Amino acid sequence: MTTLDSSLLERLEALRSKYAASGQELVDFLDGLLEADYLTYWDYIRLDSLLSLQQPRTPHHDEPIFIMYHQITELYFKLVLHELDAALDAPMPGTPEWTPAHADALAEHVRRCTRYFGALEQSFAVMTDGMDRAQFLRFRMALIPASGFQSGQYRMIEMALARLNELVHLDVRADFAGETDPLVLLDKIYWRGGATIAATGEKTLTLKQFEEKYAKAFAERAQRVHGRTLSDRARALEARGELSDSLRDALRELDQQVNVRWPMQHLKTAGRYLAKQPTDARATGGTNWPKYLPPKFQLRIAFPFLWSDAEREAWGTGS
Ligand code: HEM
């Protein structure tokens, strides 16, 4: 009879202690292993489920491209939130739990988010150049009033980055600079104004649907992140003279990537499909998109204190 070598015995002993700690018997788990099948790639990543999620509403060849690229984007948004949630859960600078290692971890979260948004910016040509315009203009009619405007993850990303005071609609932002109630601020957030019909003050159907689905989640999120956003963290570090040059650069890069470069690529795409035919096409979400989408009009800046007056004034103009 062959004997078990010492390295195997060591592992068995480690496993025995692991299970004993929760009152379990190692032998039962070994029996389970004998019964279990090998894992496969397709089961591990739930491939069949993933590939069953594309359900076009029209027979146009290019509609699946539109669906899949939105799904790809939402997965990237999920990756971004995965990093931002970890950053939000970490101790705040200035508290006893905060250590310099937390600053390094924060910088790494920030760099990963920039990388994900960078990948999205680079791949946006799948939309900008990769669909037949005539087909797009037809299949989009079957999607009204759905719009990327209704991406809940996108809104949660911006709520994790910026203080809500800085996401208030530009027309009234100055009036709410000192407001501290996150729910009051959420009520004035820029996209609510963007999807309200100016002449009547009525909300678009896209906005009504969006609020119905996410109002509670956004309110919870607004309260959870209040005072803990990346912007609050960077401010706290800055105030203590502990904001390193590398973290400052990483935050500025993220701000540009999320709030200028990706939106500009998206705007270019909206322009290609919707501009002048002979007049600008109405967006499926019903915003006045040439006025609503450009970063220079929204002036959404996650970390305004990291930019000079001149840089903020030139936001989204490419200069
Ligand atoms: C042909 C492709 C696309 C066109 C023509 C387009 C057009 C538009 C338009 C016109 C809006 C303004 C809201 C409205 O009135 O509907 C909008 C908003 C938005 N779209 Fe797209 N879009 C496209 C692709 C995408 C993709 C792939 C995503 C990824 C999820 C996306 C995400 C968003 C987001 C997050 C908003 C809200 C932006 C904000 O509030 O500042 N869009 N889109």
Consider only pairs whose beta carbons are under 8 Å apart and that are at least six residues apart or on different chains; among these, list those whose first residue lies in the stretch 49-66 and is free of Cβ contacts under 8 Å to residues at least 60 places away in the same chain and whose second residue is open to solvent by 50 Å² or more (accessible area, probe 1.4 Å). L53/Q71; Q54/M68; Q54/Q71; P64/P56
Name the residue, out of R272, R233, that is of a type in the set (K, R), near the ligand (Cβ under 9 Å from one of its atoms) and in a helix (DSSP H, G or I). R272
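Condition test on K276, is it open to solvent by 70 Å² or more (accessible area, probe 1.4 Å), modelled with pLDDT under 95, over 17 Å from the mean Cα position of the chain (by Cα) and farther than 22 Å from L164 by Cα? Steps first, answer last, please.
Working: open to solvent by 70 Å² or more (accessible area, probe 1.4 Å): yes; modelled with pLDDT under 95: yes; over 17 Å from the mean Cα position of the chain (by Cα): yes; farther than 22 Å from L164 by Cα: yes.
Yes; evaluated as a whole, the condition is true for this residue.
Listed here are the residues, each with its yes/no results for (1) farther than 30 Å from T95 by Cα; (2) surrounded by fewer than 14 Cβ atoms within 10 Å (Cβ to Cβ); (3) in contact with a strand residue (DSSP E or B) (Cβ under 9 Å, 6 or more places away or on another chain).
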residue: F139; (1), (2), (3): yes, no, no
residue: S147; (1), (2), (3): yes, no, no
residue: L207; (1), (2), (3): yes, no, yes
residue: A215; (1), (2), (3): yes, yes, no
residue: T229; (1), (2), (3): no, no, no
Looking at the stretch 89-102, which of the residues that are touching a helix residue (DSSP H, G or I) at 6+ places or on another chain (Cβ under 6 Å) and touching a residue at least 60 places away in the same chain (Cβ under 8 Å) is most open to solvent (accessible area, probe 1.4 Å)? G94
Of the residues that sit in the stretch 118-133 and are without any contact (Cβ under 8 Å) to a residue 60 or more places away in the chain and of a type in the set (S, T, N, Q), which one is surrounded by the fewest Cβ atoms within 10 Å (Cβ to Cβ)? Q122
Which condition breaks for T196 when tested against (1) β-branched (V, I, T); (2) surrounded by 19 or more Cβ atoms within 10 Å (Cβ to Cβ); (3) farther than 18 Å from E166 by Cβ? (2)
State yes or no: is D129 within 15 Å of the ligand (Cβ to nearest atom) and either of a type outside the set (S, T, N, Q) or on the phi < 0 side of the Ramachandran plot (or both)? yes
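Which residue, of L53, L75, is within 16 Å of the ligand (Cβ to nearest atom), closer than 30 Å to H109 by Cα and outside any helix (DSSP H, G or I)? I'd like the intermediate steps shown before the answer.
Values: L75 fails: outside any helix (DSSP H, G or I).
Selected residue: L53, the only one of L53, L75 that is within 16 Å of the ligand (Cβ to nearest atom), closer than 30 Å to H109 by Cα and outside any helix (DSSP H, G or I).
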Please state which of the following conditions T3 fails to meet, knowing it meets all the rest: (1) touching a residue at least 24 places away in the same chain (Cβ under 8 Å); (2) open to solvent by 100 Å² or more (accessible area, probe 1.4 Å); (3) in a loop (DSSP other than H, G, I, E, B). (1)
List the helices (runs of 4 or more DSSP H) that sit entirely inside the stretch 99-174 and contain at least 1 residues that are modelled with pLDDT under 95. 100-123
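The values are calculated or read from the model by the stated rules, or taken from the named source; none is laboratory data. Worth saying up front: this structure is predicted, and the values here are computed from it rather than measured. Cβ atoms come from the backbone with ideal geometry, glycine included; neighbour counts cover every protein chain shown. The area values use the complete protein model at the heavy-atom level, side chains included, leaving out ligands, DNA and RNA. Shrake-Rupley method; radii C 1.70, N 1.55, O 1.52, S 1.80 Å.
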